[in-house]
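Data first, discussion second: the structure below is written as structure tokens.
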Amino acid sequence: MKHCLAALLLAAPTPLFAQAAELPPPVAVDPRVVALRDAALDDDYAWEITEGLTTEIGQRLAGSPAEARARAWAVAKLFALGFSNVRIESFPVQTGTRGTESAEVVAPFPQALVVNALGGSGLTGPEGVTGEIVAFDSVDALRLAPDSAVRGKIVFVDHHMPANQDGSGYGQFGAPRRQGPTIASKKGAIAIVIRSIGTDHNRTPHTGVMTFSDGAKPIPAGALSIPDAEQLVRILKRGKPVTMRLRLEGTHKMGTSGNVIAEVPGRDLSLPPILVGGHLDSWDLGTGAIDDAAGVAIATAAAKRIMDAGRPLRTIRIVWFGSEEIGLFGGEDYRAKYGKQPHHAMLESDFGADKIYKVDSKLGATRRDEARMIGAALAPLGIVTGSFEEADGSDIGPMLEDGQPGVGLSQDGTRYFDLHHTSNDTLDKIDAAQLRQNVAAWTATLAILSGGIEPEAKPSPPKRR
Ligand SMILES: [Zn+2]
């Protein structure tokens, strides 16, 4: 095989080599960054945080008493880890509790289907709502339907989301959840059920946020698990009218949410800080392990590893955002308070804990060397360098759009939407080795962004000869 490869290389046309010659010269990575990166492959901090938060708190719905307990847990943890300026910044949100939920085909083939309410759904009483199903294979088909076809009925939107590595399908295929309920309500539907926005075949519906806009009256809105949505399709294909009874009980009320903030103070406090974070709240079905205990754990573990090594030039500010799931309210609160202040970079981990495969950045044309240095430091972890013009993150997204610089470490999302927003989002889905690869990538990135770490002055050991 070796010989064949050599022959192939020798036979390669010259332009290949000419192209290679035009690549920028290799970047030398500071050996201290390499050492920090490689040591982080044995990290235990991230697992400890993920395991602790999911075990001692569990679900932590935005604005709920559980989210308040999670904030207290976070403060105690961040303080115990030795961070400075640990604090909670509170804000009010609309919250609620989930009650009895059921979907049942009344006719022609009576049977129960598995359903969960979407966040912000209208509620039913114990009697539920009963109506004929009118089905659409996309939200566009629903939009085009005459009101008369929908009025007084329960809308069903069946819309398939394929799995992919970067999770980009979520934007496009999330439309039935985000817009479907408003469109159905405005056309006079009494309720809506959608095929879950997910990629698994478990009987675990995927909840998620939606809001009624344009003055649409709230109607009950639920997600059927994917096998149950497929069952409903088969029932509908028999050609007889299908009647469903949908019961989505619960309560809506005001509650308190908040961001938890902690810092590793830099040697030069006049320099803009680096924001690293994830979100503390979760949906109420699972224990929010991949979404997003792992995210806050990865960001925090990396900051802790920098702090253990000494004092960075720039301050690292850790933010565990509250109320991400129900509308990015934690990001909005931070942006209102600090968004106008310069930041050296913003980074957010909110896509599970599988292996990071790509780094993008948006640090500006004058900081290309810093961006290349990050790419070079991450390459041995199997991470490719993507764009120098973009970065992303849910809570930090609006601030990145405002022009704040950022770095985006993309995790493999192939199985993310099997679990996302379901009762299956639990600790056992976190792969400890991949979690450590995340921490190593974040630690190396932070070591570069933080501008150099000086060991804290320690009394020098006695000289030995
Ligand atoms: Zn999330």
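Give me the base-10 log of I(q)/I(0) for the stretch 216-288 at each q in 0.17, 0.27 Å⁻¹, Debye formula, one uniform scatterer per Cα, rounded to two decimals. Calculated log10 I(q)/I(0) at the listed q: -0.96, -1.34. Taking only the C-alpha atoms of the stretch 364-465, the Rg (one decimal) and the largest Cα-Cα distance, Dmax (whole number), read 18.5, 63 Å.
At the listed q of 0.14, 0.17, 0.18 Å⁻¹, the Debye profile of the stretch 154-277, built from one uniform point per Cα, gives log10 I(q)/I(0) equal to -0.74, -0.96, -1.03. For the stretch 117-242, the relative contact order comes to 31 percent (Cα pairs under 8 Å, sequence separation of at least 6).
Gyration tensor analysis over the Cα atoms of the stretch 47-201 returns equivalent ellipsoid semi-axes of 38, 19, 16 Å (largest first, whole Å). Per-residue surface analysis assigns Thr50 an accessible area of about 0 Å², computed on protein heavy atoms at 1.4 Å probe radius.
Relative contact order (percent) for the stretch 59-150, with alpha-carbon contacts under 8 angstrom and 6 or more residues of separation? So the answer I get is 16 percent. Mean sequence separation of contacting Cα pairs (under 8 Å, at least six apart), scaled by the length of the chain, corresponds to a relative contact order of 22 percent.
Rg and Dmax over the alpha-carbon atoms of the chain stand at 25.0, 94 Å.
Plainly put, the stretch 313-439 has a radius of gyration that is 0.97 times its Kirkwood radius, both from alpha-carbon atoms, as the Rg/Rh ratio.
What you get for the chain, charging only the Cβ of Lys and Arg (+1) and of Asp and Glu (-1), is a dipole of about 200 debye around the Cα centre.
Counting lysine pairs in the stretch 332-465 whose alpha carbons fall under 25 angstrom apart, excluding pairs fewer than 8 residues apart on the same chain, gives 4. Ordering Thr414, Val319, Val86 by Cα displacement along the dipole of the chain toward the positive end leaves Val86 in first place; charges were set at the Cβ atoms of Lys, Arg (+1) and Asp, Glu (-1). For the stretch 145-214, the convex hull spanned by the alpha carbon atoms encloses 97 Å³ per residue. With semi-axes defined as the square roots of five times the eigenvalues of the C-alpha gyration tensor, the equivalent ellipsoid of the stretch 42-91 measures 19, 16, 7 Å, largest first.
Shape analysis of the stretch 198-248 based on the Cα gyration tensor places the equivalent ellipsoid semi-axes at 23, 17, 9 Å, largest first. Figure note: Val319, Val86 ranked by solvent-accessible area, largest first, 1.4 Å probe, ligands and nucleic acids not counted: Val86, Val319.
Against the main long axis of the alpha-carbon atoms of the chain, helix 65-80 sits at an angle near 10°. Rolling a 1.4 angstrom probe over the chain with all protein chains present gives an accessible area of which 56% lies on carbon and sulfur atoms.
Evaluated on the stretch 234-372, the Kirkwood hydrodynamic radius is 17.9 Å, with distances taken between all distinct Cα atoms. Put Val29, Val105 in order of accessible area, highest first, and with a 1.4 Å probe you get Val29, Val105.
Each DSSP beta bridge with both residues in the chain is either parallel or antiparallel, and the antiparallel ones are about 60%. Solvent exposure of the chain, expressed per residue, is 43 Å² of accessible area, with all protein chains present and a 1.4 angstrom probe. A Stokes-Einstein calculation at 10 °C with viscosity 1.306 mPa s, built on the Kirkwood radius of the stretch 96-178 over Cα pairs, returns a diffusion coefficient of 105 µm²/s.
The values are calculated or read from the model by the stated rules, or taken from the named source; none is laboratory data. Quick caveat, the model's predicted, so the values are computed rather than measured. Because the Cβ atoms are built from the backbone with ideal geometry, glycine has one as well, and the counts that use them run over all protein chains shown. For the accessible areas, the whole protein counts, side chains as well, though only heavy atoms, and no ligand, DNA or RNA atoms are used. Shrake-Rupley method; radii C 1.70, N 1.55, O 1.52, S 1.80 Å.
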